[in-house]
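The values are calculated or read from the model by the stated rules, or taken from the named source; none is laboratory data. Just so it is clear, the model here is predicted, and its values are computed rather than measured. Here the Cβ positions follow ideal geometry from the backbone for every residue, glycine too, while neighbour counts run over all protein chains shown.
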Amino acid sequence: MMTSSLLLILIFGLVITNLLLCYIRTSRSGNTPILNCVKDIALIYDLINNIVDKTSVDKVSVWKLPHNVDLPYMDVVYETSGDGTEKLVVKRGEILLDDTIIDKLKGLTIGEETEIITDKLYYSEKGDKLKLDKIKWSKMRKIAESDTALYFTGLHFFEYDKRMTKGDKIRTTKTIKKIISVFEKHREDL
Amino acid sequence: MADIFDNLLTGGVGAALVVLLGNIILWYLANIKSEQTGLTSNNFEGVSDFQETIDRVINGTGAQRGLMMKTENGGGKPRLGTHLYASVLYEGYKHPLNSVKNDYQRILVDDIYVKMLSDIGPTTSNKLIVSRMKDGILKKIYQREGIIYSEVHYIGETEDAFFYISFSTTNNDDKFDEPNDRVEIEIAVSKIRRLFEEMKHDD
């Protein structure tokens, strides 16, 4: 008698949990109001600008590396303003990555970081290959992955020998964790 | 043994009923969702009521330009990790300002612009004194035309775009604080929001 009652409770428990999960998924997927999305984009801008304001990092950007493209191009979706560099965002879809960098980026797990020498990167303009302005090296950290693309934050430095202090590392890691959580919130819409 | 089978049977029927009820709820929610996704920003273009309302503000207040605008992704729903573009849908203007509708189409917005948008909502407008704004595309646009003050009001959103209206002036110290100006602007914003919602429901 007791076994069957427990079984009953278990069945009901499972069914109700599944229904609740389905409900939450249905109500969240694709239904995020645009205003909330705009507010979260503004939050990301705040977070990346905050890194430049409070650490030795010269520039911060968020990169999107699409899965299904034949050419190894990446898209800069957000970047800090007022950092004295040309805007990478306007070069969207045109920044060329070499194979070594692509392999490095694709090998990362969410939250993991790698260093790349950014002066090997180019953008194309009217058929010319032009070097990225000022940026010498970058710390790239994977922040999200969707069916269509990988997303990274880039902490950029204008000098080869410029390094972050321990305090800067803690601050940037903490801030990037917040960025990861914002992307995680929108995971189904990425 | 018979008790166990009875209980299992009862449990099974109960579970089936709960699953059925759950499916009905999910079907209902999916239905609502598909109705919402049918709306696009294109439904709101070409409606003269919006134009008349903007013109009334321009003719009856200190506002020298009114722009009804939308911000969208490149055709799809604005999402994290995509670029946002702003376009003018309707405009009203008077001397010394000129038409900008053809110039301001699909302008890639920057962080300051996104911040400006994020600060507006159904109950909050954003009042911008150009000289105090941070450098960015919005400030450059305002400065190019000599605009001193602008206020931006939330209108609404569809599945693929965010709509808002701005009223601007090149006159020093005019923040549309005259009672008549304020009432005209508030009436216009309410009317445009109402028209917008009606069109959403009629769609």
Worksheet entry | Among residues of the stretch B:77-103, those that are more than 14 Å from every other protein chain (Cβ to nearest Cβ), crowded, with 18+ Cβ neighbours inside 10 Å and among the β-branched types (Val, Ile, Thr), counted | 1
Worksheet item: surrounded by fewer than 18 Cβ atoms within 10 Å (Cβ to Cβ) and within 19 Å of A:Lys64 (Cβ to Cβ): does that describe A:Glu184?
Response: yes
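Looking only at the stretch A:141-188, which residues are in a strand (DSSP E or B) and touching a Lys or Arg at 6+ places or on another chain (Cβ under 8 Å)?
A:Ala144, A:Ala149, A:Leu150, A:Tyr151, A:Phe152, A:Thr153, A:Gly154, A:Leu155, A:His156, A:Phe157, listed by residue number.
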Discussion item. Looking only at residues that are crowded, with 22+ Cβ neighbours inside 10 Å and of a type in the set (Val, Ile, Thr) in the stretch A:52-75, which one is farthest from B:Gly81 (Cα to Cα)?
Written reply: A:Val57
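Scanning the stretch B:181-195 for residues that are free of Cβ contacts under 8 Å to residues at least 24 places away in the same chain and among the β-branched types (Val, Ile, Thr), which turns out farthest from B:Met68 (Cα to Cα)? Give the derivation first.
Taking the stretch B:181-195 first, the residues free of Cβ contacts under 8 Å to residues at least 24 places away in the same chain are B:182-183, B:186-187, B:190, B:194.
From the residues that got through so far, the ones that are among the β-branched types (Val, Ile, Thr) too are B:183, B:187.
Values: B:Val183: 18, B:Ile187: 15 Å.
Restricting to residues being free of Cβ contacts under 8 Å to residues at least 24 places away in the same chain and among the β-branched types (Val, Ile, Thr), the top hit is B:Val183.
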Fill in: Counted residues, the stretch A:107-140 - those being at negative phi, modelled with pLDDT of 90 or more and loosely packed, with under 13 Cβ neighbours inside 10 Å
4
Worksheet item: If you go through the stretch B:106-133, how many residues are touching a residue at least 12 places away in the same chain (Cβ under 8 Å) and more than 10 Å from chain A (Cβ to nearest Cβ)?
Response: 11
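Can you report the number of residues in the stretch B:145-187 which are among the aromatic types (Phe, Trp, Tyr) and in contact with a Phe, Trp or Tyr (Cβ under 6 Å, 6 or more places away or on another chain)? Lay out the reasoning, then the answer.
Initially, the stretch B:145-187 is screened for residues among the aromatic types (Phe, Trp, Tyr), giving B:149, B:154, B:162-164, B:167, B:176.
If we keep only those that are in contact with a Phe, Trp or Tyr (Cβ under 6 Å, 6 or more places away or on another chain) as well, we get B:154, B:164.
The number of residues fulfilling the criteria is 2.
From the list B:Glu159, B:Glu184, which residue is outside any strand (DSSP E or B) and within 19 Å of B:Asn73 (Cα to Cα)?
Working: B:Glu184 fails: within 19 Å of B:Asn73 (Cα to Cα).
After applying the criteria, what remains is B:Glu159.
Yes/no matrix, rows are residues, columns are (1) hydroxyl-bearing (Ser, Thr, Tyr); (2) out of contact with any helix residue (DSSP H, G or I) (no Cβ under 6 Å at 6 or more places or on another chain):
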residue: B:Asn98; (1), (2): no, yes
residue: B:Asp111; (1), (2): no, no
residue: B:Leu128; (1), (2): no, yes
residue: B:Ser131; (1), (2): yes, yes
residue: B:Glu145; (1), (2): no, yes
residue: B:Glu157; (1), (2): no, no
Discussion item. Being at pLDDT below 65 and either within 11 Å of chain B (Cβ to nearest Cβ) or surrounded by fewer than 21 Cβ atoms within 10 Å (Cβ to Cβ) (or both) narrows it down to one residue among A:Gly82, A:Gly13, A:Gly30; which is it?
Written reply: A:Gly30
